[in-house]
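Novice: Provided herewith is a single structure, encoded as structure tokens, for subsequent inquiry.
The values are calculated or read from the model by the stated rules, or taken from the named source; none is laboratory data. This structure is a prediction, so every number in the text was calculated from the model and none was measured. With ideal geometry, Cβ positions are generated from the backbone for all residues, glycine too; neighbour counts draw on all protein chains shown.
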Amino acid sequence: SPLHDIAVSKGKQYFGVAVDSNELANATYKVLLDDRHLWGQMTPGNKMKWDATEPSRNTFTYSDADALVVWAQGSGKEIRGHTLVWHNQLPSWLTNGGFNNATLVSILQNHVTNLVTHFSGKVKTWDVVNEIFEEDGSWRSSVFYNTIGEYFVDIAFRAAAAADPNVGLAANDYNLDYGGSKVTAYVNLVNRLKSRGVKITQIGSQSHLIVGSMPSYSTLVSNYNAFVATGVDVAITELDIRMTLPVTDALLAQQRKDYNTIIRACMAVPRCIGMTVWAYSDYYSWIPSVFSGEGAALPFDDQLKPKPAFYGIVDGL
Ligand code: XIL
């Protein structure tokens, strides 16, 4: 079933997939990846992050990201830039640099300006900031927040908008699915940014979820509507729904329901503009390396066969 084509026929902008460079070298995996009817959007899993793009100060390396962009453009996929400012996967020159406020502001502006300019006309929307709040809605400790304070967000969004006035500008985070303080923190942030004249166009909900521990359909819809009420779009940006291994038929059946629930929630909200899975097959999922004993989070198994979850998506679109 052509997920992207179905999503578009139902009014969405895309159904997409995260991709990393090594996956393009896997000819078997690439068959489904190349399918423009299945995936109409791609997010680089790692190659646009700070450590990959500015490994030493003011030296920018784009060859891996450029190769992903060329491939995506050739296979009918719009591109999400991921990510300009994040506390993880930073180069050590930055984390260990001991930079003062003014220097870090200029480093931040230089990085954002360079990336957004380089990918101008290619990236449709940038994750400008990623994971800036804790679960209770407080600011996450990071070199940016600790040195600059809240205004690092304004600085990053302003630099991105100046470098490409046409690009979409998102804040992206996980655990926005359950409602509560973290959702409120983003609603309040969007309102503050807008009141300061800072352009933000989208909230990205990563949606790294757990089989059998899903938020309800109505909670998901009301979170999306809370973001939309501030005047931004919403996207599901890194969807996967993991389980405790080993895989059982019961867990696969529950996973099908859980995928179906979140896809239906996005479909119910006109300004939920698209959905992206964080790789398509369990073979390339990040989950087992980070969540010990968990995995099987994606709609295709490690043999690249569609799982019940895939049909949960199809039925939800
Ligand atoms: C992950 C990648 O998938 C892994 O390959 C890498 O080792 C770590 O980062 N939230 C994000 C993504 O915003 O950038 C993360 O991607 C997964 C969690």
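Novice: How many residues does the range 205-244 contain that are away from the ligand (no atom under 16 Å from the Cβ), part of a loop (DSSP other than H, G, I, E, B) and on the phi < 0 side of the Ramachandran plot?
Specialist: Total satisfying the criteria: 8.
Novice: To continue, here is another question. Mind checking which helices (runs of 4 or more DSSP H) fall wholly inside the range 1-102 and carry at least 3 residues that are within 13 Å of the ligand (Cβ to nearest atom), of a type outside the set (Lys, Arg) and surrounded by 14 or more Cβ atoms within 10 Å (Cβ to Cβ)?
Specialist: Output list reads 50-53.
Novice: Here is a follow-up. Whether any residue in the range 118-131 is more than 30 Å from His4 (Cα to Cα), among the hydrophobic types (A, V, I, L, M, F, W, C) and out of contact with any Lys or Arg (no Cβ under 8 Å at 6 or more places or on another chain) is what I want to check.
Specialist: Looking for residues that are more than 30 Å from His4 (Cα to Cα), among the hydrophobic types (A, V, I, L, M, F, W, C) and out of contact with any Lys or Arg (no Cβ under 8 Å at 6 or more places or on another chain), one finds none in the range 118-131, hence no.
Novice: Out of all the residues in the range 301-317, which are without any contact (Cβ under 8 Å) to a residue 40 or more places away in the chain and surrounded by fewer than 16 Cβ atoms within 10 Å (Cβ to Cβ)?
Specialist: Of everything in the range 301-317, those that are without any contact (Cβ under 8 Å) to a residue 40 or more places away in the chain and surrounded by fewer than 16 Cβ atoms within 10 Å (Cβ to Cβ) turn out to be Asp302, Gln303, Lys305.
Novice: Hey, among the residues in the range 112-156 that are among the small types (Gly, Ala, Ser) and surrounded by 19 or more Cβ atoms within 10 Å (Cβ to Cβ), which one's nearest to Asn96 (Cα to Cα)?
Specialist: Ranking the candidates gives Ser142 first.
Novice: To continue, here is another question. Would you check which residues across the range 103-159 are among the small types (Gly, Ala, Ser) and more than 22 Å from Thr53 (Cα to Cα) and list them?
Specialist: Passing the criteria: Gly137, Ser138, Ser141, Gly149.
Novice: Which of the residues belonging to the range 103-145 are within 16 Å of the ligand (Cβ to nearest atom) and in a strand (DSSP E or B)? Spell out how you get there, then give the answer.
Specialist: Kept after step one, since they are within 16 Å of the ligand (Cβ to nearest atom), are these residues of the range 103-145: 115, 123, 125-135, 140, 142, 144.
Of everything in the range 103-145, those that are within 16 Å of the ligand (Cβ to nearest atom) and in a strand (DSSP E or B) turn out to be Val123, Thr125, Trp126, Asp127, Val128, Val129, Asn130, Phe133.
Novice: Could I ask something else about it? Restricting attention to the range 168-213, which residues are of a type in the set (Val, Ile, Thr) and more than 17 Å from Gly81 (Cα to Cα)?
Specialist: Those that are of a type in the set (Val, Ile, Thr) and more than 17 Å from Gly81 (Cα to Cα): Val183, Thr184, Val187, Val190, Val198, Ile210, Val211.
Novice: Now a separate question. Looking only at the range 280-300, count every residue that is in a loop (DSSP other than H, G, I, E, B), surrounded by fewer than 21 Cβ atoms within 10 Å (Cβ to Cβ) and either within 11 Å of the ligand (Cβ to nearest atom) or in contact (Cβ under 8 Å) with a residue 24 or more places away in the chain (or both) and tell me the total.
Specialist: Going through the range 280-300 one residue at a time, the tally reaches 3.
Novice: Looking at Phe133 and the list (1) without any contact (Cβ under 8 Å) to a residue 12 or more places away in the chain; (2) within 30 Å of Ser218 (Cβ to Cβ), which single condition is not satisfied?
Specialist: (1)
Novice: Also, I was wondering about something else. Please enumerate the residues belonging to the range 144-156 that are more than 22 Å from Asn175 (Cβ to Cβ) and hydrophobic (A, V, I, L, M, F, W, C).
Specialist: Hits for the range 144-156 are Ile148, Ile155.
Novice: Take the residues in the range 33-64 that are within 16 Å of the chain's Cα centre (by Cα) and aliphatic (A, V, I, L, M); name whichever of them is farthest from Gly97 (Cα to Cα).
Specialist: Met42
Novice: Here is a further query. How do the pairs read when you match residues in the range 180-201 that are under 12 Å from Val232 (Cα atoms) with residues anywhere that are at pLDDT below 95, using Cβ under 8 Å and keeping only pairs 6 or more apart or on different chains?
Specialist: none
Novice: Can you pull out every residue in the range 146-180 that is part of a helix (DSSP H, G or I) and not β-branched (Val, Ile, Thr)?
Specialist: Result: Asn146, Tyr151, Phe152, Asp154, Ala156, Phe157, Arg158, Ala159, Ala160, Ala161, Ala162, Ala163.
Novice: Out of Val269, Val277, report the one residue that is away from the ligand (no atom under 16 Å from the Cβ) and either modelled with pLDDT of 95 or more or within 19 Å of Val8 (Cα to Cα) (or both).
Specialist: Values: Val277 fails: away from the ligand (no atom under 16 Å from the Cβ).
The match here is Val269.
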